[in-house]
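These notes concern the structure reproduced below.
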Amino acid sequence: MADSFTAWLPLAPGQRALDVGCGPGQWTELLAQRLGAGAVSAVDPSPSFVAACRQAVPGADVQQATADALPFPDDAFDLTGASLVVHFMPDPRAGLIEMARVTRPGGEVAVTGWDLAGARAPMATLWSAFAELDLPLADETRSPGGSSADLERILTGAGLEDVDTTEFPVVVGYRDFDEWWEPYQHGVGPIGESIAALDSDERERLRKRCADRFGSGSFEIDAVGFGARGRVGA
């Protein structure tokens with residue numbers, strides 16, 4: 001997703017960019033490769049992710065902050081983006097308005113999100129396993145930004161102009177089942193919280209159902225994400 005997103009954006013030397021909700025820094029690092037680390041800033045509400053991003057992208061300005069309270073002046077960036085973050089914002093419209101505030105007139109605000117509404121996200125296999133086992137699951141299909149149309153609506157509602165959307169087919173490869181399963185065990189996001197709420201027997205039933213589906217050895221998962229971008233008006 002991050003590679004496709006970066007290629008889709010009109011990045012050019014001399015620009016400044018901000019990564020909102022940077023996590024451990026995957027997209028921040030790609031921005032730094034295109035623009036230079038000194039031209040890139042990033043924020044995340046998690047101290048551990050801030051530390052990881054600083055380590056991954058030395059020279060970038062990485063701070064702890066949320067999307068709706070960015071620690072930057074008006075018109076500071078040519079591009080402000082959030083990759084796979086809108087879904088987690090308590091108030092996506094407020095987050096996008098704040099992202100537009102720190103972006104210069106004529107600059108762009110851009111976001112991505114998985115196709116949650118169409119059940120084409122990488123988590124869809126887990127959703128199916130929860131349903132087959134009749135286990136309680138937080139419904140992500142109605143989450144903000146879970147469709148191309150909803151991403152467009154959020155950007156337009158935040159006052160961005162000339163909003164454009166695209167679709168990103170993604171193939172995610174794994175060495176084995178354990179590599180796929182392990183990240184979901186940290187209670188992160190709705191799916192992680194749903195797994196954490198299971199008792200040990202339920203969690204083992206879920207793990208076995210998914211392991212049986214993927215088998216042994218390496219495998220790939222096809223997923224679809226969306227990108228949306230809009231221009232900040234004068």
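Scanning segment 1-49 for residues that are over 17 Å from the mean Cα position of the chain (by Cα), under 21 Å from Thr165 (Cβ atoms) and open to solvent by less than 70 Å² (accessible area, probe 1.4 Å) returns a single hit, Leu11.
So that you can scan it fast, the table gives a plain yes or no per residue for (1) modelled with pLDDT of 95 or more; (2) more than 16 Å from Gln15 (Cα to Cα); (3) in contact with a helix residue (DSSP H, G or I) (Cβ under 8 Å, 6 or more places away or on another chain); (4) hydroxyl-bearing (Ser, Thr, Tyr):
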| site | (1), (2), (3), (4) |
| --- | --- |
| Ala69 | yes, yes, yes, no |
| Asp78 | yes, no, no, no |
| Ser83 | yes, yes, yes, yes |
| Phe88 | no, yes, yes, no |
| Gly95 | yes, yes, yes, no |
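Take the residues of segment 129-144 that are of a type in the set (Gly, Ala, Ser) and at pLDDT below 95: which is surrounded by the most Cβ atoms within 10 Å (Cβ to Cβ)? Selected residue: Ser143.
The values are calculated or read from the model by the stated rules, or taken from the named source; none is laboratory data. Model, not experiment: these values are computed from the prediction. Please note: Cβ atoms are built from the backbone with ideal geometry, for glycine as well, and neighbour counts cover all protein chains shown. Each accessible area value is taken on the protein alone, full model and side chains, heavy atoms only, with ligands, DNA and RNA left out. Shrake-Rupley method; radii C 1.70, N 1.55, O 1.52, S 1.80 Å.
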